[in-house]
2 protein chains.
Amino acid sequence: MSLQAPKDMAAERAAADFSIDRLSRLWAGGDKQYEMQQKAYEIIKNDPELVVQPPRNILEFTRDEWREFTMGQIYRVLQLFKEYGNDREFAYEIGKAVNVYSESFSMRFFVHESLFRNVVNMLGNKEQQQKWNDDIDNVRVYGCFAMTELGHSSALRDIETTATFDLATDEFVLESPTITATKWWIGGSGQTSTHAVVISQTVINGQHKGHNWFIVQLRDKVTGELMPGIRVGDIGKKVGHDGVDNGWIQFRGVRIPRSHMLQKWSQLERDGSYTPVPNPAVMYATLIPERLSLITVTTQLIGQALTIATRYGVARRQGPKNQQIMDYQSHYAQLIPAISFMYMVKSAASTLDKQFEVLTAGGEMDPVDYLNHMGDMHAASACLKGLTGWYGSEILEICRRACGGHAYSAYNSIGQIIGDWGVMTTGGGDNVVLLQQAARILIYHLDQKLEHDQYPELKFKSSSHYILRAKEYLATPSWPVREITDAIRNLRLLEDALNAILLNSIREAMAKGKGLNDVLMDCVRVAEMHCAVFLFSDAVSKYGAPLAPEGIDKSVYSIMHRMTALWGLHTLHRYSDQGYKEGFLTPQQVKSVEEHYLEASKALRKQVIGLTDAFGFPDFVLKAPIAKYDGNIYEPYLETLLQAPNSVGKTPYHDKYIKPLTERVGPSNN
Amino acid sequence: MSLQAPKDMAAERAAADFSIDRLSRLWAGGDKQYEMQQKAYEIIKNDPELVVQPPRNILEFTRDEWREFTMGQIYRVLQLFKEYGNDREFAYEIGKAVNVYSESFSMRFFVHESLFRNVVNMLGNKEQQQKWNDDIDNVRVYGCFAMTELGHSSALRDIETTATFDLATDEFVLESPTITATKWWIGGSGQTSTHAVVISQTVINGQHKGHNWFIVQLRDKVTGELMPGIRVGDIGKKVGHDGVDNGWIQFRGVRIPRSHMLQKWSQLERDGSYTPVPNPAVMYATLIPERLSLITVTTQLIGQALTIATRYGVARRQGPKNQQIMDYQSHYAQLIPAISFMYMVKSAASTLDKQFEVLTAGGEMDPVDYLNHMGDMHAASACLKGLTGWYGSEILEICRRACGGHAYSAYNSIGQIIGDWGVMTTGGGDNVVLLQQAARILIYHLDQKLEHDQYPELKFKSSSHYILRAKEYLATPSWPVREITDAIRNLRLLEDALNAILLNSIREAMAKGKGLNDVLMDCVRVAEMHCAVFLFSDAVSKYGAPLAPEGIDKSVYSIMHRMTALWGLHTLHRYSDQGYKEGFLTPQQVKSVEEHYLEASKALRKQVIGLTDAFGFPDFVLKAPIAKYDGNIYEPYLETLLQAPNSVGKTPYHDKYIKPLTERVGPSNN
């Protein structure tokens, strides 16, 4: 009975009509990246300081074990960085492999390596960069990023922490004036960080001068004791990320030198004369790379869940005909579009990375130009976080249900992934707010285009480029395509429909009243759709042609083309109500889109294992016995349970609570 | 700053335009129930064996602590049952109060008190009931319910466990022939149960005779050691329900007397002659009360999450105007319809309980009649589980996001509730399968009605009663109502629209092909909508009139009427795509429904605290500092963190992993 599953798995793998190996290499970013990744996995796999070795199970860890083990991983990775120091690229690949193994490691290292570093470098002047970068590189300081406050999430406007300049001593004095001013959720501050970058209200000469970022030492670098005036605690138990020591921080008259205010955009002289930032937006610019990094988190976490659900879906048989559960429409028609989303996101990542390079390229950019580009990237990254966060949690729920009861076992990883993922929808800027901001930008640009025929010139293709053709699209009252198959053959037709529906929706939201609370949910939906369409358009530009261009593996191009088409159909189906409400789609078109969408999913049914194999997650990363690569799922699952502490043997509290009840003899003498 | 929140909370409470006290009493089931409930909460609140007392926090418990504490609660509740033995109703109320405090307690006690007991009583003959009931009542045996198998979820068709009759010894021999036959997830079996009811294939004289239920002893009642041939383990760590000792069981030649086969519907004589069940469906009848009990779990768990999100939503201020976050459309327009769902579900519960009484009433019912009634209740309870499970998890996600980052703290309970809830969507019958079964019944009845004008006569109003008027509804090509306000004033018009859309959708699914996999998702959606419409129709029959009838508090009737109207609009809005796909709704109607739906939510904005207060959850039950009844949320939240183990003080692994990095002195001497 349990021999069937491995056979099924092998047959599914053989059924892929593209080269899984070639697609894996594309996914990894090329042959070299792929080889390095494989080697990195081999190295970390058996390293007990990086990967928990059986019979211990990381999914069993207590909070204390998680916190310590994760710091141990960082320590070990830094050792390996040194060992492989001559090959920086490969050393970095080891870190990436551990990221994939543990989202907690990834986040805890990220707050120092990326958040802390980026603030110093994007907001500090040359001198400050020079002063700190060597210590950051060598982790002689461990940094964290103190923005959020207990009473204010990441709403910077309301930040209460103050940094008051003391002219006499040339210092700033930091203070948390209320309980709601307590810095909250600060990753790395609970147990690790020696330093923090802290955003505060700046008070100079009794006047509030807006926000600045300050470097504040939290702990003594040798003893680990807190510095004077610093009060810190670990945030305790969370829904996920048990390996990250999120903490809270209060400041009581903490003194730091003036030079610890980051001064690239604003400056404070010895005599107290202050030059404010040219535009407050530059202070949040550091959030753009943070949001772009979420793409990696998405493909890592959601990709793992999809691999688990997909493998279980072909290994498990159930129902009247004892079929593979993946054959049920409720399985494949939900999982395959989600898989296509992974490919869209991965493909868009390279586009956005290139855009970000424009923003951070050497050489001075005109400030207006800089802000235009930053604004465009802010809109793109904000709505990407919104769509990805929400659709990501929807996909995780699909995966969870696709694994049936077995997702309820902590040992099949889905629970852990969902817990870790949670922070993506509520941390780093509320999704509603981000999507609303993105919608406001779209409304603004559409208004500018329609009223004044204006649209900013950018060095890259804006995600809202369709606004350039707004008049033409809006003049089309209904979708002229009668046969959906035409639009599947020519994806530009599908793109046109999406652009038109989107523009109609933006215009509708604009007409209802810009920025009004009563259109908030409309705006959110519009921005979400904008992002879904951006992913599609970007993929069409890469894989939209029916035939592969020279130099790319035909089978890989073909599957990417099908992924793209499916994503387009998914998006049209998902937002067809917008099309219907605006009169752009007829009931017949809506029905037909649904039919073709389901058909396109079904046509890809046999590709699921190949498509998720290409994500390249080894079994030790997935940690889910029901998702074993070879399809042998049941024995390892039972084995995992047998290894769990206190899972067999006499019940410890039997004599205390059970025996007094059951030792009594009743009339029936059962 | 932190004084504002309590003021806001008081103002919100004062703004309720109905008597919160009267609504609370209605919710509790009447004055007497309400008083008893209050008293029960007072009793358990300070009992350290029932409710974890600060500074300890149940949300911090390890698995071992949860397992033991929960059994301790059961032990203590049984003591209190004795103490209050003269007032059985009140004793029972204490159990209910502990249920509300801990879903783990609720489930672990339920497997004995309800699942085990129901199987013995619904499937055992009089003699067997007599033999076991006294021991069940007095918990001299502790029972569990062994249905699910590792390889087969609850698909009974595929159950592999065998019970082979040994004529020579007049015994059955139980065997788990494969690893996939292992009984899995069995609540109470991991550490507690002395006995199990086990569903098995029955083998008599070498022939498979279908399923029967058997009582099997698992553990010695005095020593707690496993009985010969029994292999049991605890299932280990799960996503939730840490207090429940789910387990797995394998049988190796376990011998039980013939009299341990439950023989109400099937019989086995001493000589091996066997009378099979008249209809296999009776073997699953015990699942109906299980599914009905889910209604209570729903109002308990989802109601708590809604209370938490609602209280935090009015206590928290944020945004450009520093408004209460509940004022954002994205908050109230999602939370208030969810609250109306709670009232609909609660109201339907009494209707379904009365129906179930018809099924279980004394006196013999004609078998065909019995199966007709059971079939109807099966359809109703199955789709109720489907809708509730899924919409319930959607609501939890809404609540989670409504609490922003603070839902990510384990100390604000939302995470715990989501973990506990998870089992509702994947346990006790897969929702897709249940909804598909319900859809199949609807399609069957519609076909019978249209083709043969037949519809079974029942002693209660079927949830699919609208099929009686199918021809009339289906003859209406489009919704004649032009002003949605008309349908809000007269809810029967709204009901008509829903019935018509539903019938169109059933007919469409029927036309596409009965039972075909390609319409699986259509079927699921139809059954979901059927349930949403059932809830609405049931509430319309109770609260549909614009004015309160004599004898009921006018303010309470009025709010229940508005809850009903909102649920109707919600349902029409949610399934409006079915309406426009079938051409029943025009784009203008769809838009107008959406507008009125949002308006109806907005009009109820100031009622949120009254509506959730009426659920009656005390602070110690909610366990969420951000949801304190008095609105003072921030101080207790920080206090909770300070009480968490290892949350302050020097990092235990500082010298091992951090100091070696940070004690090094670099060129900058930071």
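The values are calculated or read from the model by the stated rules, or taken from the named source; none is laboratory data. On a predicted model such as this, the values are computed, not experimentally measured, just so you know. When we count neighbours, we look across all protein chains shown, and the Cβ atoms used for this are built from the backbone with ideal geometry, even at glycine. Ligands, DNA and RNA are excluded from the accessible area calculation, which covers all protein heavy atoms including side chains. Shrake-Rupley method; radii C 1.70, N 1.55, O 1.52, S 1.80 Å.
Brief remarks on what is shown
- Shielding of peptide B:635-648 by partners, expressed as the average count of other chain Cβ atoms within 10 Å per residue Cβ, is 5.
- Shape of the stretch B:259-394, Cα gyration tensor, a/c cut at 1.5: prolate
- Working ranking of peptides A:497-503, B:144-150 by packing, defined as the average number of other Cβ atoms within 10 Å per residue, highest first, is B:144-150, A:497-503.
- Cysteines (scope the protein assembly as shown) whose Cβ has no counterpart Cys Cβ under 4.7 Å: A:Cys144, A:Cys399, A:Cys403, A:Cys523, B:Cys144, B:Cys399, B:Cys403, B:Cys523
- Each Lys or Arg adds one and each Asp or Glu takes one away; over the other residues whose Cβ falls under 13 Å from the Cβ of B:Arg270, this sums to -4.
- Beta bridges from DSSP with both residues in the protein assembly as shown: antiparallel share about 85 percent, rounded to the nearest 5.
- In angstrom, the C-alpha Rg and Dmax of chain A are 27.1, 94.
- In the B-A interface, the accessible area buried, summed over both sides, Å² (probe 1.4 Å): 11800 Å²
- Two numbers describe the Cα atoms of the stretch B:534-612: Rg and Dmax, which are 14.3, 44 Å.
- Pairs beyond 21 Å (Cα-Cα), from B:Lys346/B:Lys385; A:Lys656/B:Lys221; A:Lys96/A:Lys346; A:Lys45/A:Lys237: A:Lys45/A:Lys237
- Counting Cβ atoms of other protein chains within 10 Å of each Cβ in B:324-332 and taking the mean gives 4.
- Cα gyration tensor, the stretch A:20-169 - rounded (a/c under 1.5), prolate or oblate: prolate
- Over chain B: helical MRE at 222 nm, DSSP H runs n ≥ 4 each giving -39500 (n - 2.57), nearest 500: -17000 deg cm²/dmol
- If you take the Cα centroid of the stretch A:433-500 and the Cα centroid of the stretch A:94-168, the two points sit 37 Å apart.
- Counting Cα-Cα pairs of the stretch B:543-670 in 10 Å increments starting at 0 gives whole-percent bin shares of 10, 20, 18, 17, 12, 10, 9, 3, 0.
- For the stretch A:141-280, the equivalent ellipsoid built from the Cα gyration tensor has semi-axes of 26, 17, 13 Å, listed from largest to smallest.
- Within 10 Å of the Cβ of each residue in A:421-433, the mean number of Cβ atoms contributed by other protein chains is 4.
- Long hydrophobic helices in chain B, taken as whole DSSP H segments with a C-alpha length of 27 Å or more on their own axis and mean Kyte-Doolittle hydropathy at least 0.5: B:287-315, B:520-543.
- Rounded to the nearest 10 square angstrom, A:Trp390 shows an accessible area of 40 square angstrom against a 1.4 Å probe.
- With viscosity 0.692 mPa s and temperature 37 °C, the Kirkwood radius over alpha carbon pairs of the stretch A:430-502 converts through Stokes-Einstein to a diffusion coefficient of 236 µm²/s.
- Within the stretch A:61-197, antiparallel bridges make up roughly 70 percent of the DSSP beta bridges whose residues both belong there.
- If both residues of a DSSP beta bridge must be in chain A, then about 85% of such bridges are antiparallel.
- Surface composition of the stretch A:141-280: carbon and sulfur atoms hold 51% of the protein heavy-atom accessible area at a 1.4 Å probe.
- For A:Leu226, net neighbour charge (Lys/Arg +1, Asp/Glu -1) across residues whose Cβ lies under 13 Å away: +2
- Looking at the stretch B:325-440, the pairs of alpha carbons with a distance over 20 Å make up 57% of the total.
- Averaging 1/r across all pairs of distinct Cα atoms in the protein assembly as shown and inverting the result yields a Kirkwood radius of 32.9 Å.
- Extreme residue, positive dipole direction of the stretch A:141-280, given options A:Ile230, A:Tyr274, A:Phe145 (C-beta unit charges): A:Phe145
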